[in-house]
């Protein structure tokens, strides 16, 4: 079983009205790259690597209901630890 994570990123502006697309960022910190690292770590059953991609104040919730799965790193870690414990080990 593979784990999929869906991320929704809204375009908009930050700070002084500068469009997000105009702001320079390293590609490894853009949402798609961070989400991919989280998914890769989840598929490898590597919780510490998953948590590196999660902000301390992150909230994971179900869309569109808004049901909170975890709020904060420790809560999110516990949520995924319980799920991964029930799965077969990652194939090598």
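Points to keep in mind about this one:
- Residue within the stretch 5-17 that is modelled with pLDDT of 75 or more, outside any strand (DSSP E or B) and surrounded by fewer than 13 Cβ atoms within 10 Å (Cβ to Cβ) present: no
- Any hit, the stretch 63-70, residues being assigned to a helix (DSSP H, G or I) and in contact (Cβ under 8 Å) with a residue 12 or more places away in the chain: no
- Enumeration of residues in the stretch 53-69 that are surrounded by 12 or more Cβ atoms within 10 Å (Cβ to Cβ) and under 22 Å from residue 30 (Cα atoms): 53, 54, 58, 59, 60, 61
The values are calculated or read from the model by the stated rules, or taken from the named source; none is laboratory data. Values in this document were obtained by computation on a predicted structure and should not be read as measured data. Positions of Cβ are generated from backbone atoms using ideal geometry, with glycine treated the same way; all protein chains shown enter the neighbour counts.
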